[in-house]
1. Exactly one of (1) among the hydrophobic types (A, V, I, L, M, F, W, C); (2) free of Cβ contacts under 8 Å to residues at least 40 places away in the same chain; (3) within 28 Å of S211 (Cα to Cα); (4) touching a Ser or Thr at 6+ places or on another chain (Cβ under 7 Å) is unmet by L97. Its number?
2. Determine which member of the set A44, A11, A22 is of a type in the set (G, A, S), modelled with pLDDT of 80 or more and either touching a strand residue (DSSP E or B) at 6+ places or on another chain (Cβ under 9 Å) or over 24 Å from V231 (Cα atoms) (or both).
3. Which count do you get for residues in segment 217-239 that are in contact with a Ser or Thr (Cβ under 6 Å, 6 or more places away or on another chain) and of a type in the set (D, E, K, R)?
4. Return the pair list, or none, for Cβ contacts closer than 8 Å from residues in segment 152-167 that are among the β-branched types (V, I, T) to residues that are buried (at least 19 other Cβ atoms within 10 Å of the Cβ), at least 6 apart or on different chains.
5. Filter segment 74-109 for residues that are under 23 Å from I131 (Cβ atoms) and of a type in the set (G, A, S); which is farthest from the chain's Cα centre (by Cα)?
6. Could you tell me whether any residue of segment 157-179 is under 30 Å from D28 (Cα atoms), in a loop (DSSP other than H, G, I, E, B), modelled with pLDDT of 75 or more and hydrophobic (A, V, I, L, M, F, W, C)?
7. Have a look at Q120, Q95, Q88, Q109 and point out the one that is in a helix (DSSP H, G or I), surrounded by fewer than 18 Cβ atoms within 10 Å (Cβ to Cβ) and touching a helix residue (DSSP H, G or I) at 6+ places or on another chain (Cβ under 8 Å).
8. Across segment 206-221, what is the number of residues that are in contact with a helix residue (DSSP H, G or I) (Cβ under 7 Å, 6 or more places away or on another chain) and assigned to a helix (DSSP H, G or I)?
Amino acid sequence: MLLIAAGLMMAILAGCTPTNMATHSTEDLQNGGWWQRYVVYWFAYALDTFADWFGGEYGLAVLVLVLIVRTLILPLTLKQVKSSKAMQAIQPQLQKLREEYKDDPQRQQAETMKLFQENQVNPAAGCLPLIIQMPVFIALYNAIIYNTGLREHTFLWLQLGEPDKWFILPVIAAITTFLQTKMMMSMNPAQMQGPMKIMMYMYPIIIFVMSYQFPAALPLYWVYSNIYTIVQNYFLYRNKNTVVTDLGAVTDTTSAARKIANNKSRNKKKAKKKRR
C-alpha cells in the first residue's frame, strides 16, 4: 500500500506543474482558484513567515513545516505504534488460526478480522501518516512553483526550485528512507518481515526517482521527515519486548498473547453466565 501511495503521489505531482510559469508572489495566490486561494496560499504564507524568522532561509522554513506537520500527526503515529505492538502480541493466535482454518480461507479471514477487532489492531495503520502527508506534498509543490522567493532561494548547494543536479539530496533521501523502512521492518514479527523486504528496497528507489525529478525543496522536506521518523521510532521502539495493548504494558510478547487469550476466555465465561 505504501508503494501504491508513493506512486500515486508521484503521478499527482507530475500533473500539478502549471503550463504557465509566470512569476507570482504569495499575495497573487489569493487571486487564483479554490486550491491556490485556500490551501497553497497558506502554505506559501507559512513558509515566507518561517523564512523571515531565520533571515530568509527557506531551507530552515521547510524544517519548521516538517516539525509542525509531524507533531500534528503524532497521535496517529502513536496509534500506529500501539497497533504494531498489539500485532506482535497476537502472532501466536494468528498462527493458530492459520493452521486451524488452512483449508477454509474465508473462515480464516473472518476469524482473523475478528481477532484484529477484539484487540484493536489495524493492519493499515502504518499507511495513515504517509497518506495524510500527501496533501502537504502537493501543496508544498505548488507553493514552490508559484512562490518566486522560495523557488529562487539557494540553501547550501541547492536551489530549492530546481532538482539537485549533483544527486546528493536524492541519495540522502533514498538512504534515510531505507533506514526508516528497515527500522520499521525490524520492529514487526518475523511472519510479516517477508513482504516488507520488498518495500524496504523498492520504496527508496521510488523516493530517489521522485527526488531527482522534482524541486529540491520536496526531497529536502522528505529528508527532514525521515530523520524525524528515525529519531521518533528510536524512542518509541527502544524496548522491543514491550507491547502496549488495552491490558496495559507487557514486557514480553508471549505474556501479552497469554493475557489477551485469558481475557478473551473470561469474557466468554461471563457471557455464558449471563445467558444462564
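The values are calculated or read from the model by the stated rules, or taken from the named source; none is laboratory data. Computed from a prediction, not measured in an experiment: that's the story for all the values here. Cβ coordinates were reconstructed from backbone atoms using ideal geometry, including for glycine residues, and neighbour counts include every protein chain displayed.
1. The single condition L97 does not satisfy is (3).
2. Result: A44 is the single residue among A44, A11, A22 that is of a type in the set (G, A, S), modelled with pLDDT of 80 or more and either touching a strand residue (DSSP E or B) at 6+ places or on another chain (Cβ under 9 Å) or over 24 Å from V231 (Cα atoms) (or both).
3. 0
4. Matching pairs, first to second residue: T154/L160.
5. A86
6. Checked against the condition, which is being under 30 Å from D28 (Cα atoms), in a loop (DSSP other than H, G, I, E, B), modelled with pLDDT of 75 or more and hydrophobic (A, V, I, L, M, F, W, C), segment 157-179 yields at least one hit.
7. Every option except Q95 fails the conditions.
8. Going through segment 206-221 one residue at a time, the tally reaches 11.
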